[in-house]
Every structure is written in C-alpha cells, then in structure tokens.
Amino acid sequence: MANSIKYAGLFSLGAAFAFACSTGGGGNAGSGGGPVGGGSGAGGATGGDGGKAGVGATAGTSSIGGAGTGGTTTGGKGGQAGTSTAGTTSTGGTVQDSGLPDVEFTYDGDVPEPDACASVTAEAISPPVDIIWIIDQSCSMNAEITQVRSNINNNFATIIGGSGLDYRVIMFAGSTGQYPVCVNAPLGGSSCGADNPPRFFHVNQHVERRDSLSLFQSRYTAQVLPHLRQAALKVFVEVTDDRSQVSSSAFQTWLTSATASGLLGTQAQPNYIFHSIVGVNTPLPPTAAVTNSKCSSAVNTGPQYQELSIASGGLRHPVCDSNYSTVFTNIANNVIQAVACELIIPTVMGGVIDYNAVKVKYTPMGTGTPVFYNQVANQAACAGGDGYYYDNPAAPTRVLLCPNSCSTVQADQAGKLELELGCLQS
C-alpha cells in the first residue's frame with residue numbers, strides 16, 4: 001500500500017548577506033601657518049567621503065586631517081595640524097526574508113511494510129500402520145491357518161495397499177512345525193518364514209493355544225520392537241479358538257508401559273487397535289458387550305481378546321468361518337478408516353505453528369463447500385459434536401477427529417482433508 005507522507009519546510013533559496021565595507025566622511029582642513037616670516041600653512045588633507053553602507057546599514061563619517069607644511073621663510077612656524085573627526089563606524093545590515101513562498105509537498109511513493117502473514121495449508125496425511133498378526137498354531141487351528149494363508153494377500157494386503165496407506169505387516173507365528181504359518185509373495189518373502197522388507201517381517205515364534213499374549217510380551221523387545229515404527233498406528237489381529245492365560249487388563253497395562261517403549265500410546269490415549277478372530281458366534285462391533293455364545297468349532301469365546309477389542313475399538317469375527325475373505329476385507333477397511341481420522345502434523349520450514357490456531361478443513365466429495373473443524377480440549381469435550389483434539393496437547397504430533405466428525409469423513413471416501421495451520425510465528 002502507498003502511504004502519503006507530508007513534509008513542510010522553509011527554504012531560503014536566495015539568502016541575502018549585508019557587509020559594512022567603507023569609512024566615514026573627511027575631517028576639516030588644518031589652520032594656516034604662523035604670521036611671522038612663514039608662509040601660509042598648507043591646507044590639511046581632506047578625508048575622503050565615507051562609502052555607503054550595505055543595505056539597511058547607516059553610513060558613518062570619519063576623516064583624519066593632514067598636517068600643515070612649514071613656511072618657506074625663515075623663522076616661520078609650521079602651521080597647526082588640521083583637525084579631523086573620525087567617522088562613525090557603520091553597522092552591519094539585517095538579513096531580510098527572500099520573499100519566496102514556503103515549499104510544501106506530498107511524497108506518494110511505496111513505503112515498505114512488514115510482510116503480511118500468509119495462512120499455511122498442509123495436505124492431511126494419515127499416519128503409517130504397523131499390523132501385527134498373532135496366530136495360534138495348536139492342532140485345532142489347521143483349517144484356520146490355511147484360511148490366513150489364502151486371504152492375507154488378496155483380501156487384506158491388496159486392499160490396504162490400494163488405499164495408499166503406508167503399511168507394514170509383522171507376522172508373529174512359527175514357520176516350521178506341524179502347522180506352519182507361511183505368507184506367500186507378493187506380501188511375504190521368497191520362502192516360508194522369510195522377510196520381505198520393508199513391507200513384511202516374520203517373527204518365527206511357535207504359538208500355542210493360550211500363550212500368544214505372554215509369548216508376545218517376552219519376545220517383544222528382541223524380535224518385534226525392531227520392526228515397529230515410532231509414528232505408526234499399531235493394529236493387532238489375534239487368530240485363535242481359545243482363551244488367553246493373560247488378562248486383558250494386565251496386557252493393556254503392559255502395552256502402555258515403559259517396557260513397550262511408548263510406541264503403543266497411553267492408557268488414556270492408546271495408539272493401537274486390537275481385532276479378534278476368536279470363538280464368537282457372530283461378527284460384533286466395538287460397542288457390543290463380551291459374548292459367551294461360542295461358534296461351533298471353537299474351544300472358547302476368548303473373552304480376554306474380546307475385552308481388548310472393545311477397549312480399543314476393534315472388531316470381533318468368528319474364527320469358525322469357512323471363508324475368511326469377508327473377515328479380512330472388513331478388517332482391512334477398518335484399518336483404512338481408523339487412520340482416516342488421524343492426521344500427522346507436518347513439519348514446516350520458516351516458522352512455528354500456533355497450535356491454538358489450527359483448523360481441520362474438510363471438503364465433502366472433494367469439491368463441495370468446505371467445513372472447518374475447530375479444536376476441543378480432548379475426546380470427552382467433543383460431546384457428540386464436530387471438532388478435533390491433539391494426541392498430546394503439550395507437544396502435539398497428531399490431530400484426532402471427534403467421533404462425529406470421524407464418522408462423516410469415513411463415510412465420504414471422495415472427501416478431502418487439509419490442515420489450516422494459520423499464520424506461522426517466528
């Protein structure tokens with residue numbers, strides 16, 4: 001913007017300076033010589049007229065009379081010196097206004113202003129996902145293991161990969177023995193039990209009917225942790241027809257303890273989802289209570305796994321199903337939807353994010369009128385409305401949508417999410 005800046009000043013473009021530069025008028029002539037024998041004394045010299053003073057000065061007069069010369073006759077006295085009156089010294093002239101008008105002008109040039117704050121918009125990016133399969137390899141699980149092998153590529157990995165998610169699979173099961181768990185290419189490696197980094201890692205640990213959770217805890221640091229990513233959402237898929245010897249509360253406490261290296265969140269804000277393919281007789285959502293109704297070929301309904309699913313928002317499916325294609329597809333879609341409601345806060349260059357000014361911009365169908373979701377304190381503060389909250393208000397790394405907003409976004413596969421980061425601070 002051009003700013004008008006007014007300057008006013010008095011400029012003496014023709015300044016006058018006066019100087020007194022002359023003497024006063026001449027004095028009177030000297031008297032004549034003496035009467036006896038001497039000739040008349042010569043007239044005293046007449047002082048010159050004083051010059052004119054400069055403009056505004058008063059002229060003074062001054063003269064010094066010349067002395068009379070002596071008579072040519074003998075005995076005569078020289079005439080008296082002529083008298084003179086010194087001229088009055090003139091005073092200097094006074095500086096006068098030049099008579100020109102004061103100069104006033106307006107400067108209408110561009111004056112640099114501080115850079116305007118530009119709002120920063122970042123593409124919403126979902127976090128990566130680490131998916132941990134834990135397979136019971138007891139003698140009653142032969143058919144189920146075959147189903148896992150038949151469906152994990154086409155009805156699970158292909159669906160997740162097609163969504164564009166950055167995903168990784170960690171298989172926690174033995175690749176040898178009477179009922180080995182093998183994962184074929186393209187997800188798995190070139191042979192049974194082989195890794196296929198960075199997409200697939202096989203932790204070769206034989207799992208029996210009730211020891212899956214205890215074995216996972218004991219092998220976690222050495223064999224599982226190296227394959228997990230800090231920022232990734234962790235998704236468990238337990239496949240068993242029995243119960244666990246570890247209680248759900250004990251396992252939950254361990255998951256969010258320092259032993260698990262903080263990768264699985266906290267009790268208040270877990271960073272994992274636990275899905276169960278167990279002995280229930282029908283598919284169940286996270287809101288349904290623990291059931292004791294067992295499917296036909298199962299040993300137990302697996303209440304501990306059910307409780308973990310309920311607590312973390314996971315699904316429960318019957319292990320007795322003869323075709324796992326629907327089961328795996330449902331779990332794959334749930335994984336995709338789960339991270340649709342979590343957004344990674346990007347790292348920005350040239351400024352600091354004001355986390356109180358961030359908004360989530362949701363564009364229905366990708367082209368509709370945008371809707372902005374504002375921040376609330378936590379999930380409880382959502383209170384059935386729209387909004388978002390941070391995973392860690394003190395040092396946010398993720399934006400989590402309120403359940404109502406999450407449901408809206410999940411139902412709109414063509415929708416677009418962006419983060420309005422506001423003005424960056426210095």
Requested in this report: For Ala411 paired with Ala394, estimate the spin-label separation in nm (one decimal), with each label point 7 Å from Cα along the Cα-to-Cβ line.
Outcome: 3.8 nm
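If each residue of separation counts as 0.36 nm, what is the full-extension length gain between Ser296 and Ala357 once their alpha-carbon separation is subtracted?
Details: separation 61, 0.36 × 61 = 21.96 nm, distance 5.49 nm.
Using 0.36 nm per residue and subtracting the Cα-Cα distance, I get 16.5 nm.
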Query raised in the report: Non-local amide H neighbours of Tyr167 (under 5 Å, H modeled in plane, Pro and chain starts lacking H): which ones?
Result: Val129
Query raised in the report: When the accessible area of segment 125-235 is computed with all protein chains present and a 1.4 Å probe, what percentage of it is carbon and sulfur?
Result: 49 percent
Query raised in the report: Given 0.36 nm per residue, what is the gain on full extension from Cys192 to Thr326 after removing their alpha carbon distance, in nm?
Result: 45.8 nm
Query - Distance histogram in 10 Å bins (all Cα pairs of segment 190-229, percent per bin) - result: 26, 49, 24, 0
Report task. Quickly rank 310-319, 147-156 as a protection proxy: mean count of other C-beta atoms within 10 Å, highest first. Result -> 310-319, 147-156
Query - Calculated over segment 110-226: convex hull of Cα atoms, volume per residue (Å³) - result: 163 Å³
**Report entry** Net length gained if the chain between Leu225 and Ser247 were fully extended (0.36 nm per residue, minus Cα distance)
**Finding:** 5.7 nm
Query raised in the report: Roughly speaking, what is the centre-to-centre gap between segment 116-160 and segment 395-426 when only Cα atoms are used, to the nearest Å?
Result: 22 Å
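The values are calculated or read from the model by the stated rules, or taken from the named source; none is laboratory data. The shown structure was predicted, so the numbers you read here are calculated from the model rather than taken from an experiment. Backbone-built Cβ (ideal geometry, glycine too); neighbour counts: all protein chains shown. Keep in mind that these areas ignore ligands, DNA and RNA; they rest on the heavy atoms of the full protein, side chains included. Shrake-Rupley method; radii C 1.70, N 1.55, O 1.52, S 1.80 Å.
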